[in-house]
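My questions will all concern the structure given below.
The values are calculated or read from the model by the stated rules, or taken from the named source; none is laboratory data. Here the structure is a predicted model, which means the values were calculated and not measured. We place every Cβ from the backbone using ideal geometry, glycine too, and count neighbours over all the protein chains shown.
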Amino acid sequence: MRKRLNTRSKSNSYLLVIQQFVFIALLIILHGVQMPNTFALLLFFLGALFGLYTIRHNKPGNFNITPEIKKDALLITTGAYQYIRHPMYFSVLVMMLGVVLSKPSILSFFVYALLVVTLSLKAKKEEMLWIKRSNEYKNYIQNTKRIIPFLL
């Protein structure tokens, strides 16, 4: 029974990742390869830079693209992680907001909202798994926001 629950959990994790990439691809397709406005381009690059800054503190071998936690993963609490628990999700959201604002439409805002929901679900699932695994994570939650620095 436990193995079946674990398999279902991993399947749900992969589904969330697929949804995330489908929504990102849709946003890029909806906006084409046009030259975006300066503000949209600035947001995109700020999000990308923030993502690179985040990677400096959490080496690629330590994290997983799914919300599942690697067996030997370490909790990172430096860099962007000292303020928010999911800085890569924040990075993606800022970059994709730049894409949406390059050519705003009701459809693109709807797809962006679906991306926000998907990343929020991934964050909640990852946190649930970390809480089961680590008392240190319970303390970490008390001192950080989930996705948006100083707000949420």
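Hey, could you check the range 129-152 for residues that are under 18 Å from MET88 (Cβ atoms) and either among the acidic types (Asp, Glu) or without any contact (Cβ under 8 Å) to a residue 60 or more places away in the chain (or both) and say which is surrounded by the fewest Cβ atoms within 10 Å (Cβ to Cβ)?
Result: LEU151.
I'm trying to understand the selection: among the residues of the range 69-88, which are surrounded by fewer than 18 Cβ atoms within 10 Å (Cβ to Cβ), assigned to a loop (DSSP other than H, G, I, E, B), in contact (Cβ under 8 Å) with a residue 40 or more places away in the chain and not aliphatic (A, V, I, L, M)?
Scanning the range 69-88 gives THR77, TYR83.
Within the range 130-152, how many residues are in a helix (DSSP H, G or I) and closer than 15 Å to ILE76 by Cβ?
Qualifying residue count for the region: 8.
Can you tell me which residue within the range 56-68, out of those that are without any contact (Cβ under 8 Å) to a residue 12 or more places away in the chain and either touching a strand residue (DSSP E or B) at 6+ places or on another chain (Cβ under 8 Å) or assigned to a helix (DSSP H, G or I) (or both), is surrounded by the most Cβ atoms within 10 Å (Cβ to Cβ)?
Applying the filter and picking the extreme gives GLY61.
Of the residues LEU41, LEU5, LEU30, LEU16, only one is among the hydrophobic types (A, V, I, L, M, F, W, C), surrounded by 13 or more Cβ atoms within 10 Å (Cβ to Cβ) and either at pLDDT 95 or above or closer than 18 Å to LYS124 by Cα (or both); which?
After applying the criteria, what remains is LEU16.
Looking at the range 22-55, which of the residues that are in a helix (DSSP H, G or I) and among the small types (Gly, Ala, Ser) is nearest to ASN12 (Cα to Cα)?
ALA25
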